[in-house]
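Scroll down for the structure; my scribbles are underneath it.
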């Protein structure tokens, strides 16, 4: 850990950290753009960087973008990121009555505390979880991947069927190309360009960015009205005294929700806000510009960052959609995510962990000093921002293998992603299915080869059985909930 | 977007998914399992295509069922395909991207020119077409287009024509 910190505080990584947080905050503050888009766009650009520096930059962007959503949520009444949805409920009313600086101060401090508390869990739990994960065999890996897919499909917003369909589409999109076990080409339909399959980066760029750009065409020309915030953004001591328990509770909620595969900052902030409201002696004040609401939402959404990194660095399972993109970055640098990453590249893991801490500290000071200035950037016309972003997507797709097929893949998946939006199919399960499919398939086939084709060997692995039971229970309760909701609606 | 429009899109999308799944299932019979491997290359594609086909059929059925009970009022989110005034922008955006990719493949014009041209056309498609807007688009396209082209070509060594 000391080596990792010493690496980060050298000039170039520190510059990348500052740049990443700065860009993350700006993108997070602009409604319609998210950290997912920024990180996806940056992944191909890190191809020429060292893996350590690339992860410092991407983690810094992650931290900055989750925090930046607070600015537009408070000053523009538009959440910059999904995690800032609940911040709008109390942040904007507080800003409207002339206390914008206080609202921002509460949000920034909550973000900082949430990030710090969840970082402690990331640092303390990761080594032991990685040791446990390194003992996994192919059955455990297969059932863990299936559990992650089932979890994200059932917990994602919308219906279970939509989530499962999205995950299955992601799995099918990963199938064309070379079979991982036998090396034969499959599902290429005679197209030579498909012999290496669909590249992860073009798919990410298409699904997350180009589809969002196509969707944003409808919102071109609509300019939000900005509230100005005047005053200091440092929180006073009496507020710390009032809010310490709320911050701690929200941090714990955000951390544990972040650990759940596929569930991100938005769910964390919603759950934390709801818990804070239910536990409050004055729940009627929530939604009127109440400081408890801002603290609960912002603390939890930043706490999900380190929480989501725990399964990523220990088991290779993405804790959120952004973590799925970070897996793409690791693969781009020829690093195989999973428990063995901790064993083979400990410095990289600790650089990721240390980057969270340093980025959190940088974010606190940057947000406190530059919030008001950054807010003005959120009013830049969308029609001027989208075209350069699309250009970066297209050239970024080309940058990986200098193959024009990847550009067409990005455009094609962009249209697919847009159609999925219309049909209310979430993108998160698609990407996680796309990433985990090859891992799950290779594990299952290895397991069956080792057992001579016998499925009964599965029952000799208790951890795998437990994962399978969790998967089935999760799907059962989600399906039951959905059937009840549809029958009560009828 | 009205429920009717969304249902049409969902139904067509589901049918397309079903067609792709059928192709996958048919193609999966071309791959035989290897001697020592019980599952083979076709197992996951075949069964994932079957599950996806069933889910897509559920989606189509659900959307038809929702149509009968949903209100006729449009939701607040305006999707380009449902709004006639935005459809040409939407089509223009896709054609511009496709045209740029095509021109990268067939280098009739150097990418140093087509990159700013792409930005210029895209900005005009998304924004207004007044004289002031065109001049703004032109300046931004030249500045950003040239910078991004040089960044990708000279710094990231992307093989641009």
Original post:
For the stretch A:44-53, what are the residues that are surrounded by fewer than 23 Cβ atoms within 10 Å (Cβ to Cβ) and either in contact (Cβ under 8 Å) with a residue 40 or more places away in the chain or assigned to a helix (DSSP H, G or I) (or both)?
Top reply: A:45, A:46, A:47, A:48, A:51, A:52, A:53
Original post:
Residues of the stretch A:365-384 being more than 7 Å from chain B (Cβ to nearest Cβ) and surrounded by 19 or more Cβ atoms within 10 Å (Cβ to Cβ), which ones?
Top reply: A:366, A:367, A:371, A:374, A:375, A:378, A:382
**OP:** Determine whether the stretch A:178-201 contains at least one residue that is more than 12 Å from chain B (Cβ to nearest Cβ), within 20 Å of the chain's Cα centre (by Cα), assigned to a helix (DSSP H, G or I) and under 25 Å from residue B:59 (Cβ atoms).
**Re:** no
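Residues checked against (1) touching a helix residue (DSSP H, G or I) at 6+ places or on another chain (Cβ under 9 Å); (2) more than 10 Å from chain A (Cβ to nearest Cβ):
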{"residue": "B:101", "(1), (2)": "yes, no"}
{"residue": "B:110", "(1), (2)": "no, yes"}
{"residue": "B:114", "(1), (2)": "yes, yes"}
{"residue": "B:121", "(1), (2)": "yes, no"}
{"residue": "B:137", "(1), (2)": "yes, no"}
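To keep it simple, each residue is scored yes or no on (1) part of a helix (DSSP H, G or I); (2) within 9 Å of chain A (Cβ to nearest Cβ); (3) modelled with pLDDT under 90.
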{"residue": "B:7", "(1), (2), (3)": "yes, no, yes"}
{"residue": "B:13", "(1), (2), (3)": "yes, yes, no"}
{"residue": "B:22", "(1), (2), (3)": "yes, no, no"}
{"residue": "B:47", "(1), (2), (3)": "yes, no, no"}
{"residue": "B:54", "(1), (2), (3)": "yes, no, no"}
{"residue": "B:62", "(1), (2), (3)": "yes, yes, yes"}
{"residue": "B:89", "(1), (2), (3)": "yes, yes, yes"}
Original post:
What residue, among those in the stretch B:24-45 that are out of contact with any strand residue (DSSP E or B) (no Cβ under 9 Å at 6 or more places or on another chain) and surrounded by fewer than 14 Cβ atoms within 10 Å (Cβ to Cβ), is nearest to the other protein chains (Cβ to nearest Cβ)?
Top reply: B:36
**OP:** Please verify whether the stretch A:388-397 includes one or more residues that are without any contact (Cβ under 8 Å) to a residue 60 or more places away in the chain, surrounded by fewer than 18 Cβ atoms within 10 Å (Cβ to Cβ) and either farther than 29 Å from residue A:154 by Cβ or touching a helix residue (DSSP H, G or I) at 6+ places or on another chain (Cβ under 7 Å) (or both).
**Re:** no
Original post:
Any chance the stretch A:415-435 includes a residue that's free of Cβ contacts under 8 Å to residues at least 40 places away in the same chain and within 30 Å of residue A:192 (Cα to Cα)?
Top reply: yes
Original post:
So which residues in the stretch B:3-14 are touching a helix residue (DSSP H, G or I) at 6+ places or on another chain (Cβ under 7 Å) and farther than 15 Å from residue A:416 by Cβ?
Top reply: B:3, B:4, B:5, B:6, B:7, B:11
Subject >> Count of residues meeting criterion [without any contact (Cβ under 8 Å) to a residue 24 or more places away in the chain and either at the interface with another protein chain (Cβ under 8 Å from one of its Cβ atoms) or closer than 21 Å to residue B:97 by Cβ (or both)] in the stretch B:123-132 >> reply: 5
**OP:** Could you check the stretch A:272-352 for helices (runs of 4 or more DSSP H) lying wholly inside it with 1 or more residues that are within 20 Å of residue A:115 (Cα to Cα) and touching a residue at least 60 places away in the same chain (Cβ under 8 Å)?
**Re:** A:291-315, A:321-332
**OP:** All but one of (1) surrounded by 15 or more Cβ atoms within 10 Å (Cβ to Cβ); (2) within 22 Å of the chain's Cα centre (by Cα) hold for residue B:105, so report the exception by its number.
**Re:** (1)
Original post:
Which condition number in (1) more than 10 Å from chain B (Cβ to nearest Cβ); (2) surrounded by fewer than 16 Cβ atoms within 10 Å (Cβ to Cβ) is the one that residue A:474 fails?
Top reply: (2)
**OP:** Name the one entry in A:437, A:410, A:359 that is assigned to a helix (DSSP H, G or I), at pLDDT 85 or above, surrounded by 22 or more Cβ atoms within 10 Å (Cβ to Cβ) and away from chain B (no Cβ under 14 Å).
**Re:** A:359
Subject >> Any chance residue A:229 is crowded, with 20+ Cβ neighbours inside 10 Å and modelled with pLDDT under 85 >> reply: yes
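The values are calculated or read from the model by the stated rules, or taken from the named source; none is laboratory data. Here the structure is a predicted model, which means the values were calculated and not measured. With ideal geometry, Cβ positions are generated from the backbone for all residues, glycine too; neighbour counts draw on all protein chains shown.
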